[in-house]
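The values are calculated or read from the model by the stated rules, or taken from the named source; none is laboratory data. Keep in mind that what you see is a predicted model, and the values were worked out from it rather than measured. Backbone-built Cβ (ideal geometry, glycine too); neighbour counts: all protein chains shown. Note: areas computed on protein heavy atoms with side chains; ligands, DNA, RNA excluded. Shrake-Rupley method; radii C 1.70, N 1.55, O 1.52, S 1.80 Å.
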Amino acid sequence: MAAFKELVFSGVQPTGNLHLGNYLGAIKRFVEMQERAECLYCVVDLHAITLWQNPAELRTQIREVTAAFIAAGIDPRRSIVFNQSQVPQHAELAWIFNCVARLGWLNRMTQFKDKAGKDRENASVGLYDYPVLMAADILAYRATHVPVGEDQKQHLELTRDIAQKFNNDFAESILAHGHGEGFFPVTEPLIGGPAARVMSLRDGTKKMSKSDPSDYSRINLTDDADAIAQKVRKAKTDPEPLPSEAAGLAGRAEADNLVGIFAALQGSTREAVLAEYGGAQFSAFKGALVELAVESLAPLSAEMKQLVADPAHIDAILADGAERAEAIAAPTLDAVKDIVGFVRRGPTLRAV
Ligand code: TYM
């Protein structure tokens, strides 16, 4: 396999309020990755419309997610921040990957089964094809690393399968076009930290999610201090005090979740949190958690508010990002077309 330059890609859907799971499992880690490599962070609006979106709200939410990226500390001069629909190579590569991916692979995707529910026949074709578009997002840049939460693991395995199958199916042509062995990298998922899977505050067995009907199940990035305090105080717990070691969290999903959230907000580990709070009652621990969450999220939501008040500025950031993203993706697509055997556009009749 050829050596690939380290490049980070990740995406967030502009569908509804961003919550603490999105922040701790993904966006906070995106910020950290900027120290390590060139990064692209994408607002995935093409993915959003796999479920119907109100057009005016979609436009607002694209800008809101962009604002959240910037407010969290992503520097749009250093990293490339853009929305997917402005870079046509995503959809174009997705079509080619539709012809590489197998039905059997997509049939195994659990997120489709969850989202389509019982009324599968009525789900959009886009919802079914969603993971193929995700592979195209990543591989249009030949990204080597993808920071995501635990729920995206299966989709990233599919991305790896598509890259490998493309490399095998076109091995001869890839070599003939001078790309060495393997045109696409086999991307590494970066899933980790204490908040890879933040759970609902109402039920420690369910993921914290935008689509949960109860707003008390999640902390939104736009919640004010009072809302955060209320939600944490009402969060489900058990009657035991906190254990002194992480092993003591086994079988205590709600306690495990709150300790994980605390650790991720603090940038530490469950062990470090329990070294301090082991033996404490939940009432005391929740007080400390409210303080930490408000301290971390208040500046973020204030900055988000300021940024969304100036949509022209956000749109300029997105335009700049799209231009820089396309400058990387366009040559990749040209090379893919050559490898697959398409005839690319040359000079017109008038010129020859
Ligand atoms: P999305 O928009 O559902 O979520 C954005 C990011 O937040 C993470 N996340 C969580 N992490 C921890 N705990 C939770 N409860 C939680 N809920 C969400 C997600 O894992 C994700 O990292 N398919 C993707 C978007 C996407 C993408 C990509 C990601 C499209 N193309 C290419 C990476 C690379 C999605 O729907 O994420």
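Among all positions in segment 136-152, there is no residue which is assigned to a loop (DSSP other than H, G, I, E, B), buried (at least 22 other Cβ atoms within 10 Å of the Cβ) and in contact with a Lys or Arg (Cβ under 6 Å, 6 or more places away or on another chain). The residues listed here are E57, E38; of these, the one that is open to solvent by 40 Å² or more (accessible area, probe 1.4 Å), acidic (D, E) and touching a residue at least 12 places away in the same chain (Cβ under 8 Å) is E38. The residue list A263, A284, A247, A272 contains one member that is within 25 Å of the chain's Cα centre (by Cα) and either assigned to a helix (DSSP H, G or I) or not aromatic (F, W, Y) (or both), which is A263.
Within segment 303-328, residues that are open to solvent by less than 60 Å² (accessible area, probe 1.4 Å) sit with their Cβ atoms under 8 Å from residues that are at pLDDT below 95, at 6+ positions apart or across chains, in these pairs: M304/T222. Just one of (1) away from the ligand (no atom under 12 Å from the Cβ); (2) part of a helix (DSSP H, G or I); (3) not charged (D, E, K, R) fails for V81. It is (2). Residue-level analysis places R120 among those that are modelled with pLDDT under 95 and among the charged types (D, E, K, R).
Going residue by residue through segment 61-77, is there one that turns out to be open to solvent by 10 Å² or more (accessible area, probe 1.4 Å), more than 13 Å from the ligand (Cβ to nearest atom), over 25 Å from G193 (Cα atoms) and part of a helix (DSSP H, G or I)? Yes, that holds for at least one residue. Within segment 124-133, does at least one residue satisfy the condition of being under 20 Å from V340 (Cβ atoms) and either open to solvent by 20 Å² or more (accessible area, probe 1.4 Å) or of a type outside the set (A, V, I, L, M, F, W, C) (or both)? The answer is yes, given that some residue of segment 124-133 is under 20 Å from V340 (Cβ atoms) and either open to solvent by 20 Å² or more (accessible area, probe 1.4 Å) or of a type outside the set (A, V, I, L, M, F, W, C) (or both). Does L158 fit the bill of being within 12 Å of the ligand (Cβ to nearest atom), outside any loop (DSSP other than H, G, I, E, B) and either without any contact (Cβ under 8 Å) to a residue 60 or more places away in the chain or touching a Pro at 6+ places or on another chain (Cβ under 8 Å) (or both)? Spelling it out, L158 is indeed within 12 Å of the ligand (Cβ to nearest atom), outside any loop (DSSP other than H, G, I, E, B) and either without any contact (Cβ under 8 Å) to a residue 60 or more places away in the chain or touching a Pro at 6+ places or on another chain (Cβ under 8 Å) (or both). Restricting attention to segment 1-18, the residues being within 13 Å of the ligand (Cβ to nearest atom), open to solvent by 20 Å² or more (accessible area, probe 1.4 Å) and more than 15 Å from I74 (Cα to Cα) number 4. The set of residues in segment 208-228 being buried (at least 19 other Cβ atoms within 10 Å of the Cβ) and over 20 Å from M304 (Cα atoms) consists of M208, S217. Among residues of segment 190-207 being near the ligand (Cβ under 9 Å from one of its atoms) and open to solvent by less than 50 Å² (accessible area, probe 1.4 Å), the one that is farthest from the chain's Cα centre (by Cα) is S200. Determine whether G21 is within 12 Å of the ligand (Cβ to nearest atom) and not in a helix (DSSP H, G or I). No, not satisfied.
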